[in-house]
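Since the structure comes first, as structure tokens, the remarks are kept for the end.
Each value in this text was obtained by applying a stated rule to the coordinates, not by laboratory testing. Not measured: the values here are computed from a predicted model. Backbone-built Cβ (ideal geometry, glycine too); neighbour counts: all protein chains shown.
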Amino acid sequence: MKKTSKKKTSRHLKSTGHTAAPKGRILEVSDDQPVREIIAAICKSRGFDVIQARCGDEAINLFRKCGPFVLVLSDLYWYDGGIEPPLSNTKAIRHGIQLALAIRKLAPEQNIVIHTAASQVREQIPKELGDIRILEKPFSREELESLL
């Protein structure tokens with residue numbers, strides 16, 4: 001069974017002109033599993049390994065264990081239906097901008113993209129994160145691939 005899946009993968013990679021050698025790892029952060037899966041599939045088709053997280057706290061833990069990454073792709077907000085940490089918990093990462101700030105403390109040069117349907121996100125971003133890119137939803141495969 002594994003041999004079949006490897007053949008399908010290599011056939012797909014050959015047909016798209018991409019090699020099987022990984023180009024690096026991407027950390028994808030979104031509470032929406034279908035969005036994570038679509039983004040992961042696109043990134044994998046371009047030769048990247050993808051590690052997925054559902055929220056900022058999970059993402060920062062993965063970053064500490066596995067980072068830095070070629071790219072961190074994060075949703076701006078997570079609505080995972082879980083229990084919201086109390087506001088007194090100042091260490092809880094509540095949105096993509098906080099995650100980006102936490103990651104930059106660990107890896108100042110980390111490449112970060114925030115994907116969101118929210119408007120006027122650029123105005124919310126602190127100066128020290130001025131180089132992060134915004135990918136507006138809905139986005140096309142081509143728009144995502146242009147960031148890889």
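Annotations for the structure displayed:
- Expressed in units of 2.2 N^0.38 Å, where N is the residue count, the Cα radius of gyration of the range 23-145 is 0.99.
- Counting every other Cβ atom within 10 Å of each residue's Cβ, 99, 106 order from fewest to most as 106, 99.
- Nitroxide proxy distance, nm - points 7 Å out along Cα→Cβ at residue 128 and residue 38: 3.4 nm
- Taking Cβ atoms as reference points and 11 Å as the exclusive limit, the residues near residue 133 contribute a net charge of -2, counting Lys and Arg as +1 and Asp and Glu as -1.
- Peptides 117-124, 141-148, 57-64 ranked from most to least packed give 57-64, 141-148, 117-124, packing being the mean of other C-beta atoms within 10 angstrom over each peptide's residues.
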